[in-house]
Amino acid sequence: MQAPPSAATPAGDTSDQAFVDFDQVWLAYNEELRAQNIFAVEDINLKVKRGEFIAIVGPSGCGKSTFMKLTTGLKMPSMGKIRIDGQPVTGPLKISGMAFQAPSLLPWRTTLDNVLLPLEIVEPFRSQFKDRRKEYEERAKKLLASVGLGGMENKFPWELSGGMQQRASICRALIHEPKMLLLDEPFGALDAFTREELWCTLRDLWEAQRFNVILVTHDLRESVFLADTVYCMSRSPGRFVVQREIPIPRTRDLEVTYSKEFSDIVHELRGHIGAMRKTGTVINQ
Ligand SMILES: Nc1ncnc2c1ncn2[C@@H]1O[C@H](COP(=O)(O)OP(=O)(O)OP(=O)(O)O)[C@@H](O)[C@H]1O
Ligand SMILES: [Mg+2]
């Protein structure tokens, strides 16, 4: 096996600059698995700069969602340390927002009320919710308008298209202005045109607010279009084995996806994934 842990450290970064800092993190899902030395992810070393947009690609079952659970504190590592925004992770984090492949909007709530949901749950918003409801509603409406859902506030999720529901899910993930947005295959269920539209929506939100983004995707074009850095994970054990900086200048528009530079990077990543699927082993960059 190659790929030393330092391979996943952006050049010139130091630990006090890192917003996400994984230091030799291993996770076995339970004691029995741990006793058998079966880890879902192992020896994850990763430093992500503040405001950086990273994407994670890798074969099914390699540990991408497990990595997300560790990042948000939903799972604690069996070994190693995780620091987010300089703080050790000791339990579920409030500073993150999440959206998943299936938009999980509540069908009995309007779009607006779905977007407001985190403010009803997460402190310090929760205790102020009744008093500041009007202000929060304005914030939600502004966010919805920024993703092209102005005027849809009172519609129920089942009255929206899949793409609209996913836009609303992203608004819900961002309403409490988290420092970190975690997206696990958020556009997987959408058609290609809608997906590309939402790439641009996410790009614009990120460029305006510069929160950290961790995007898990199976779509290599998506990872190259959106991310500053793409990481490839290998399966069994789940490890970060390739780190690829994406030097394409920003602001990127969809035209760039037809350029040689873009397709060369996609091609290169495809090679890494293909080799990993064949051998299950690590590839040198
Ligand atoms: N709750 C759990 N208990 C035990 N093992 C689990 C649990 N959740 C996941 N695993 C195992 O951990 C490994 C990584 O799973 P994970 O869900 O992180 O993969 P993934 O990369 O997100 O896959 P996909 O691309 O299919 O979503 C798999 O071998 C899986 O079987
Ligand atoms: Mg997953």
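The values are calculated or read from the model by the stated rules, or taken from the named source; none is laboratory data. Since the model is a prediction, treat every value here as computed from it, not as a measurement. Cβ coordinates were reconstructed from backbone atoms using ideal geometry, including for glycine residues, and neighbour counts include every protein chain displayed. Heads up: the accessible areas ignore ligands, DNA and RNA and are worked out on the full protein's heavy atoms, side chains in. Shrake-Rupley method; radii C 1.70, N 1.55, O 1.52, S 1.80 Å.
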Discussion item. Please go through (1) modelled with pLDDT under 95; (2) part of a strand (DSSP E or B) for TRP26 and return the number of the only condition it doesn't satisfy.
Written reply: (1)
Worksheet item: Given the conditions (1) out of contact with any Pro (no Cβ under 7 Å at 6 or more places or on another chain); (2) away from ligand 2 (no atom under 16 Å from the Cβ), which single one is not true for THR229?
Response: (1)
Fill in: Pair list, Cβ under 6 Å, 6 or more apart: segment 105-124 residue free of Cβ contacts under 8 Å to residues at least 24 places away in the same chain, other residue open to solvent by less than 60 Å² (accessible area, probe 1.4 Å) and part of a helix (DSSP H, G or I)
GLU120/PHE129
Response to the item:
Within segment 21-36, of all residues that are surrounded by 14 or more Cβ atoms within 10 Å (Cβ to Cβ) and not aromatic (Phe, Trp, Tyr), the one nearest to ligand 1 (Cβ to nearest atom) is LEU33
Practice prompt. Sort out which residues of segment 182-197 are of a type in the set (A, V, I, L, M, F, W, C) and within 14 Å of the chain's Cα centre (by Cα), and write them in order of number.
Written response: LEU182, LEU183, PHE187
Practice prompt. Could you list all residues from segment 37-72 that are within 13 Å of ligand 1 (Cβ to nearest atom), among the aromatic types (Phe, Trp, Tyr) and not in a helix (DSSP H, G or I)?
Written response: PHE39
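If I ask for residues that are polar (S, T, N, Q) and either within 12 Å of ligand 2 (Cβ to nearest atom) or open to solvent by less than 10 Å² (accessible area, probe 1.4 Å) (or both), which ones from segment 37-74 would you list?
SER60, SER65, THR66, THR71, THR72
Return yes when GLY97 is within 16 Å of ligand 2 (Cβ to nearest atom) and either open to solvent by 40 Å² or more (accessible area, probe 1.4 Å) or not polar (S, T, N, Q) (or both) and no when it is not.
When the stated conditions are applied, GLY97 does not pass them.
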Fill in: Pairs, first more than 22 Å from VAL266 (Cα to Cα) in segment 53-67, second more than 8 Å from ligand 2 (Cβ to nearest atom) and in a strand (DSSP E or B), C-beta under 7 Å, six or more apart
THR66/LEU27; THR66/VAL41; THR66/GLY238; PHE67/VAL41; PHE67/ILE44; PHE67/ILE56
